[in-house]
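> Take a look at the following structure, please.
The values are calculated or read from the model by the stated rules, or taken from the named source; none is laboratory data. Source: prediction; values computed, not measured. Using ideal geometry, Cβ is built from the backbone for each residue, glycine included, and neighbour counts are taken over all protein chains shown. The area values use the complete protein model at the heavy-atom level, side chains included, leaving out ligands, DNA and RNA. Shrake-Rupley method; radii C 1.70, N 1.55, O 1.52, S 1.80 Å.
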Amino acid sequence: MLIRRARSDDAAKACVVMRRSISELCGSDHHGDPATLDAWLANKTPAVFERWIADTGNVVLVAAEDDAILAVGAVRTNGEITLNYVSPDARFRGVSRALLAGLEEVASDFGNEMCCLTSTETAHRFYLSCGYTDCEDPEGKFGTSSSYPMQKSLRGTGSPSPSP
């Protein structure tokens, strides 16, 4: 598996991954409600994906294996992670964790000391296990009943510096 910057020719496959991830894995968020699903999926199109790639305030990454796209993520230059979707076919293989590490690395390269995101109900435990903490009360976003504003420090967790 390779984590790399997304390309325009990834658009169709990336959109299939995002749409399947939402439809098949996020049932606890959309509860099968057609209006909620339609609203959430509305911008998951190849044309919009290509705009995300072209946006200089945004970096879109994919997890790829051979010719397949396994996951799609995006981070703003300010450290906000705006996408992190995994294919149902690649779930529980470490793909989301690897992609998240890539997004955090990009955020750090832009000079951010923190990453923030808004988690779905489905992904909340995953982000907690990756070191994110809730930073506000849950809210409704993505047309769902609850989503979780979260943050994580990107500063190293190595040994403390010796005292002078």
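> Of (1) 18; (2) 32; (3) 26, which one was derived for percent of Cα pairs over 26 Å apart from the structure shown?
(3)
> What 222 nm value per residue comes from the helices of the chain, counting each DSSP H run with n ≥ 4 as -39,500 (n - 2.57) and dividing by all residues, nearest 500 deg cm²/dmol?
After summing the helix terms and dividing by the residues of the chain, the value is -9000 deg cm²/dmol.
> Now a separate question. Under a GNM of the chain (C-alpha, springs under 10 Å), which listed residue has the highest mean-square fluctuation: ALA98, ALA64, ALA47?
Checking each option, the largest mean-square fluctuation is seen for ALA47.
> What does the charge count around SER108 come to, taking other residues whose C-beta lies under 12 Å from its C-beta (Lys +1, Arg +1, Asp -1, Glu -1)?
Net charge in that neighbourhood comes out at -2.
> Using the Karplus equation 6.51 cos²θ - 1.76 cosθ + 1.60 (θ = phi - 60°), what ³J(HN,Hα) coupling, rounded to whole Hz, does each residue of segment 112-117 give in order, writing x for Gly and Pro?
Ordered by residue, 3J(HN,Hα) equals 6, 9, 9, 10, 10, 6 Hz.
> Okay, next question. Hey, can you list the DSSP H helices of the chain whose Cα span along the axis is 18 Å or longer and whose average Kyte-Doolittle score is at least -0.5?
The qualifying helices are 95-109.
> To continue, here is another question. Could you provide, to the nearest whole Å², the per residue accessible area of the chain with probe 1.4 Å?
53
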